[in-house]
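Following: one structure in structure tokens, then a few remarks.
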Amino acid sequence: MAESNCTQVTEFSLTGFTEDPVTQVTLFLMFLLTYLVTILGNLGVIVLIRASPQLHSPMYYFLGNLALVDLCSSTVITPKMLVDFVSEKKGIAYAGCVAQVFIFDLFGMTECFLLAVMAYDRYVAICHPLVYPLVMSPKCCFQLVTGSYLVGLTNGMGQTIGMSSLTFCGSSVIDLFFCDISPLISLSTSDTTLSHVILRTSASLFGVSSSLVVLVSYVAIISAILSISSAEGKRKAFSTCASHLTTVSIFYGTSCFMYLKPSSDSSREEDRWAAVLYTVVTPMLNPLIYSLRNKEVKESLKRLTK
């Protein structure tokens, strides 16, 4: 009876980072700079890949899509966070919260599978170079990227359906700077069984499968590199996947800390800054990692500027 008489929450409050005005201004400038670097870096990677014929290969096709996903996922979170820094009221409407959950989960899972696809691409290139052009054909690359987006769409729709089944009649304060499905489930006053099932199924089915592809691919890659006799051959083979391995380590490291650790293992402040690494810093670092560590990207950039 109490459940049927409750008033559904129409707006959520976000706690943000701090109430100190000086700290808010400092954080606003820091995150604004980070977002500008993210926009310029990822757009630059996309334009460079499209404009440089020498980058028209499967590896850079996947990298261009990764840059697009990073651009979109960051844009879902950061602009709203910047507005909250200069606003007295840090709130988000229920519909906006649903949209943020859907889009963020869509691109988050898409990035998971794109990184797995890129790991498989490096595996074929290093372990089976003779059949690489046949295996990683344009048609196959398109299907792998399309499949990644479809998996992301499935995840986003599933989390949104789970959220739509929740009722929020008590507290409307989300102890974070954006709408994430986990804190929303903890705020709900209704039965959260469906949401928990969707969240765990998604993490088990999609997250574990993509991480296994990455793990198996790199075990085979490292084994193949160690079997190379010359030091120069080992260096060249490792350099082709060093950038991707760095990106994978940052992405999976921060996401595992956010979603797989026991809730009692860290404070809310640590959770908040881990979320910053996952949602704001990682999309900025990816284009920098690939541009600074990749010889072909740097050479293409020089040719384009000349």
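Residues within the reach of a label modelled at Val25 (point 7 angstrom out along Cα to beta-carbon, backbone nitrogen below 13 Å), restricted to region 81-99, are 86.
Taking a ≥ b ≥ c as the square roots of the eigenvalues of the Cα gyration tensor, region 1-154 is classed as oblate, since a/c reaches at least 1.5 and a/b does not exceed b/c. Pairwise alpha-carbon distances in region 11-305 exceed 31 Å for 33% of all pairs.
Backbone phi angles across region 294-303, fed through the Karplus curve with coefficients 6.51, -1.76 and 1.60 (θ = phi - 60°), yield HN-Hα couplings of 9, 5, 5, 5, 5, 5, 5, 5, 5, 5 Hz in residue order; Gly and Pro are listed as x. Computed from the Cα positions only, the extents of region 150-248 along the three principal axes stand at 66, 25, 19 Å, in decreasing order. If only the Cβ of Lys and Arg carry +1 and only the Cβ of Asp and Glu carry -1, the dipole of region 11-305 around its Cα centre is close to 1240 debye. Of all the options Val69, Val117, Val219, the one that moves most in a Gaussian network model of the chain with Cα springs shorter than 10 angstrom is Val219.
Taking label positions 7 Å along the Cα-Cβ direction at both Leu288 and Leu153, the computed distance is 3.4 nm, reported to one decimal. The HN-Hα couplings worked out from phi for region 20-30 by the Karplus form 6.51 cos²θ - 1.76 cosθ + 1.60 (θ = phi - 60°) are 6, x, 5, 5, 4, 5, 4, 5, 4, 5, 5 Hz, whole numbers, x standing for Gly and Pro. With springs connecting C-alpha atoms under 10 Å apart, model the chain as a Gaussian network and identify which of Leu134, Leu184, Leu66 has the largest mean-square fluctuation. Top of the fluctuation ranking is Leu134.
Positive-end ranking of Val219, Leu187, Ile126 along the dipole of the chain, with charges on Cβ about the Cα centre, is headed by Ile126.
Shown for the chain: the carbon plus sulfur share of the solvent-accessible area, taken with all protein chains present and a 1.4 angstrom probe, equals 69%.
Rolling a 1.4 Å probe over the heavy atoms of the protein chains gives the chain an accessible area of 50 Å² per residue.
Taking each of Lys234/Lys302; Lys80/Lys298; Lys236/Lys302 in turn, the alpha-carbon distance tops 29 angstrom for Lys80/Lys298.
Counting Lys and Arg as +1 and Asp and Glu as -1 over every other residue whose Cβ lies under 9 Å from the Cβ of Gly152, the net charge comes to -2. Rounded to the nearest whole Hz, the Karplus-based 3J(HN,Hα) values (6.51 cos²θ - 1.76 cosθ + 1.60, θ = phi - 60°) of region 86-99 follow the sequence 9, 10, 6, 9, 9, x, 9, 5, 4, 5, x, 5, 4, 5, with x at glycine and proline.
Using only alpha-carbon positions in region 82-165, the gyration tensor eigenvalues give semi-axes of 38, 15, 8 Å once each is multiplied by 5 and square-rooted (largest first).
The values are calculated or read from the model by the stated rules, or taken from the named source; none is laboratory data. This structure is a prediction, so every number in the text was calculated from the model and none was measured. Cβ: placed from backbone, ideal geometry, glycine included. Neighbour counts: every protein chain shown. Areas reflect the complete protein model, heavy atoms only, side chains present, ligands, DNA and RNA absent. Shrake-Rupley method; radii C 1.70, N 1.55, O 1.52, S 1.80 Å.
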